[in-house]
1. Determine whether residue 64 is assigned to a helix (DSSP H, G or I) and either closer than 30 Å to residue 198 by Cα or touching a strand residue (DSSP E or B) at 6+ places or on another chain (Cβ under 6 Å) (or both).
2. (1) at pLDDT 90 or above; (2) touching a strand residue (DSSP E or B) at 6+ places or on another chain (Cβ under 8 Å); (3) in a loop (DSSP other than H, G, I, E, B): which one isn't true of residue 165, the others all being true?
3. Can you give me the number of residues within segment 65-99 that are within 17 Å of the chain's Cα centre (by Cα) and among the small types (Gly, Ala, Ser)?
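The values are calculated or read from the model by the stated rules, or taken from the named source; none is laboratory data. Every value quoted in this text rests on a predicted model; they were computed, and no experiment measured them. Reconstructed Cβ throughout: ideal geometry from the backbone, glycine too, with neighbour counts over all protein chains shown.
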Amino acid sequence: MELENQELQLQKRTQTSKNESYDHDRNQEESFRTEEEVNPKGYQPTLEEFEQLKQQLDQYQALVQQLKKQADENHEQMLRARADLENSRRRFRKEKEVALKYAAVPLLESLLPVLDNFERALDAADQSEHHQGLQEGVEMVYRQFLGSLSQAGLSLIEAEGKPFDPHQHNAVMLVPVEGVEPGLVVEEVQSGYRFLDRVIRPSMVKISN
C-alpha cells in the first residue's frame, strides 16, 4: 500500500515537471513570435543601409524641388500666355475700332476730285462777268455737297496765312514776299482735307522764305 502511494506521488511529480516544461517552452515560443512580429525580417539595419536610405531620401527631395520649379515655370508661362492673349485681344479690338472709325476714308478720298472741280469752276466763274447766275448755282451745289461731307466728318484744313505745318501742308514753292516773315503760307494751290482727326490729303501751298 505504501509502495503504491509512492508510485502515485512519483507520477504526480513527473506530470507536474512535464507541465512546467511545456509552459516554459510555450512562453518562450510566444516571446519569439512577438519579437518576429516586431521585426519580421529579423535583422537590424546597418550603417551602410542607413546611408543608402538617406541618399534615396535626398534624391526624392531633389526630385520634388525640381518638380516644384517646373510647376512654377509652367505657371509663369501660363500667366505670360494669358497676358499675351489679352494684349492681342485688346490690340485687335483697337484695330477694329480704328478700321470702323475710318471706314469712310476711301469713299471720301474718291470724292475729293469732285470738290476740286467745283472749286476750279468757281474760280473760273469769278473771272467772268457773264456767268454770275451760273456761279451762284454752282456755289450753292458746292456748299450743299461740302456741308453733307462735313456732317460725315470731313473738314477743310486751314492753310493761307497760317504757319507752315508739315503734318497738314505740302510746300510746292518758296516765295519771297516783302513784309512777311518766313515760314508762312502765302497761297493755297490745292485744298487739303481732314477726316475727323486724320489728314487724308494735305494742302498744297506756297510758303514765304
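1. Values: assigned to a helix (DSSP H, G or I): yes; either closer than 30 Å to residue 198 by Cα or touching a strand residue (DSSP E or B) at 6+ places or on another chain (Cβ under 6 Å) (or both): no.
Judged against the criteria, residue 64 is not a match.
2. For residue 165, the exception is condition (2).
3. Qualifying residue count, segment 65-99: 3.
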